[in-house]
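Inspection log for the structure reproduced underneath, given as structure tokens.
The values are calculated or read from the model by the stated rules, or taken from the named source; none is laboratory data. Keep in mind the model is a prediction, meaning the values are calculated, not measured. Cβ atoms come from the backbone with ideal geometry, glycine included; neighbour counts cover every protein chain shown.
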Amino acid sequence: MDKKYKFKTRAIHAGFSGDATGAVMPPIYLSTTYKQREPAKPIGDFEYSRSSNPNRSYLETALASLEGGTHGLCFSSGCAALATLLQSLAPNSHVVIGDDVYGGTVRLFAKVFAEKGITFSQVDCSDATAFKNALKPNTQLIWVETPSNPMLKITDIAQICEIKSKYASKAYVFIDNTFATPYLQNPLECGADGVCHSTTKYIGGHSDVVGGALIVKEDTLAENLRFYQNAMGAVPSPMDCFLLLRSLKTLGIRMEEHCKNAEKIVDFLHTQPCVKQIHYPGLKNHLHHDVARTQMRGFGGMISANFNFNIEQVKKLLGRLQLFTLAESLGGVESLIEHPALMTHATVSPQQRKLLGIDDGLLRFSVGIEESDDLIDDLKQALSNL
């Protein structure tokens, strides 16, 4: 859809413009195969649903529009998207990844692709010198989360793209934009080559569908990724794509509420003596606040905080909560809370967790869109007399 339209308009109208029936929402195309006029000449754009499906095509077009890309590719999960990207790399390639990333990302690098000859270096990509020093002649990919998970670190996307162009020009920069979403940040506009989303999170928004996506601009890169996508087959179902396209329509208004509520939760946490440190890019004392303010349009609904509690006190706090649900994942309309050291980042080495500040008192909040006063009251009662 023409970019003259603003985000919320494109979120509703991009991807599907109607069909012969006049349907406002696309039908769910469950057919696995499509009739051909003669051998190798399909009637339309589709021949086999692993290769392409109308519902997936609508979603991919919409995501590409919202991220400012040319090509969108959807997968069965965020990990499937990353695995497909890694599978496309040449043998013995080197990858630079951020030091603070989702535990499943580290597991995929260290336990799966390292055994296949893909080496990787973890580095604080917000440190320009450290990032430059991590690049090697065989570096083919730079993978960065910003904001990062779970410490909410911010990387200057334009800066790492500039460094990459000087010292590793053949490498691709991919930004995991899951926490920010295309409503708050568009890495392609900052010079990145690709964007990744776990569409399970904010894009899905209702904790009822698992998916992933890659969005790119370059035609050759997209063609290569589509080959591996089709060959490996880690694609989403038509129903999953239908649900994600449905949710995409409300992404803008949901993100506004997530951001507002998160800011109020941060204000409340500042009043609590038991909170040692709050990690939220909207705070002026956040190490990378100025970068976040420049490349983001809002600071998101994710918060991490170090509490001055031992593990038993943390478990007691988590057991008292009534509105914040103790669960992994994030980005749904409901508020979630989790313990990174024991849950999402349990596969990260203890040494790396200690280096990042992921201790027994760290909790990660995915602030939902409930009434903020109710969420604060829930935290107050859970923290009382602890």
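Miscellaneous remarks
- So Arg107, is it touching a residue at least 40 places away in the same chain (Cβ under 8 Å) and not in a loop (DSSP other than H, G, I, E, B): yes
- Pair list, Cβ < 9 Å and 6+ apart or interchain, from region 83-94 residues that are more than 19 Å from Ile175 (Cβ to Cβ) to residues that are at pLDDT 95 or above and assigned to a loop (DSSP other than H, G, I, E, B): Ala90/Asn138; Pro91/Ile118; Asn92/Ile118; Asn92/Asn138
- Every condition in (1) over 13 Å from Ser77 (Cβ atoms); (2) surrounded by fewer than 22 Cβ atoms within 10 Å (Cβ to Cβ) holds for Ser237 except the one numbered (1).
- Enumeration of residues in region 276-328 that are in contact with a His (Cβ under 9 Å, 6 or more places away or on another chain), small (Gly, Ala, Ser) and more than 21 Å from Leu251 (Cβ to Cβ): Ser304, Ala305
For every residue, the table says whether it meets (1) surrounded by 10 or more Cβ atoms within 10 Å (Cβ to Cβ); (2) at pLDDT below 95.
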site: Asp2; (1), (2): no, yes
site: Phe16; (1), (2): yes, yes
site: Asp19; (1), (2): yes, yes
site: Met25; (1), (2): yes, yes
site: Ile28; (1), (2): yes, no
site: Ser31; (1), (2): yes, no
site: Pro42; (1), (2): yes, yes
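- Matching entry among Asn261, Asn230, Asn186, Asn177 (being at pLDDT 95 or above, out of contact with any helix residue (DSSP H, G or I) (no Cβ under 9 Å at 6 or more places or on another chain) and either more than 30 Å from Ser304 (Cβ to Cβ) or not aliphatic (A, V, I, L, M) (or both)): Asn230
- Region 324-357 - residue that is β-branched (Val, Ile, Thr) and modelled with pLDDT under 95 and, of those, surrounded by the most Cβ atoms within 10 Å (Cβ to Cβ): Val348
- When region 177-233 is filtered for residues that are of a type in the set (A, V, I, L, M) and within 18 Å of Val367 (Cα to Cα), the ones remaining, listed by number, are Ala180, Leu184, Ile203.
- Among residues of region 1-16, those that are of a type outside the set (D, E, K, R), farther than 16 Å from Cys241 by Cβ and assigned to a loop (DSSP other than H, G, I, E, B), counted: 2
- Taking the criterion of being under 14 Å from Met151 (Cα atoms), polar (S, T, N, Q) and not in a loop (DSSP other than H, G, I, E, B), the only residue of region 343-360 that qualifies is Gln352.
- Val96 being under 20 Å from the mean Cα position of the chain (by Cα), buried (at least 21 other Cβ atoms within 10 Å of the Cβ) and either at pLDDT 95 or above or of a type outside the set (A, V, I, L, M, F, W, C) (or both): yes
- Region 210-234 residues that are more than 12 Å from Ser77 (Cα to Cα) and in contact (Cβ under 8 Å) with a residue 24 or more places away in the chain, paired with ones that are in a helix (DSSP H, G or I) and small (Gly, Ala, Ser) (beta carbon under 7 Å, 6 or more apart): Ile215/Ala64; Val216/Ala222
- Some residue of region 174-184 being among the charged types (D, E, K, R) and more than 11 Å from the chain's Cα centre (by Cα): no
- Filter result for Thr271 (without any contact (Cβ under 8 Å) to a residue 60 or more places away in the chain and surrounded by 15 or more Cβ atoms within 10 Å (Cβ to Cβ)): no
- Any hit, region 361-371, residues being of a type in the set (Val, Ile, Thr) and either part of a helix (DSSP H, G or I) or at pLDDT 95 or above (or both): yes
- Strands (runs of 3 or more DSSP E) contained entirely in region 112-192, each with at least 2 residues that are surrounded by fewer than 21 Cβ atoms within 10 Å (Cβ to Cβ), touching a residue at least 24 places away in the same chain (Cβ under 8 Å) and not acidic (Asp, Glu): 119-123
- Yes/no for Pro27 being in contact with a Pro (Cβ under 9 Å, 6 or more places away or on another chain) and in the same structural domain as Glu60 (by TED's automatic domain parsing): yes
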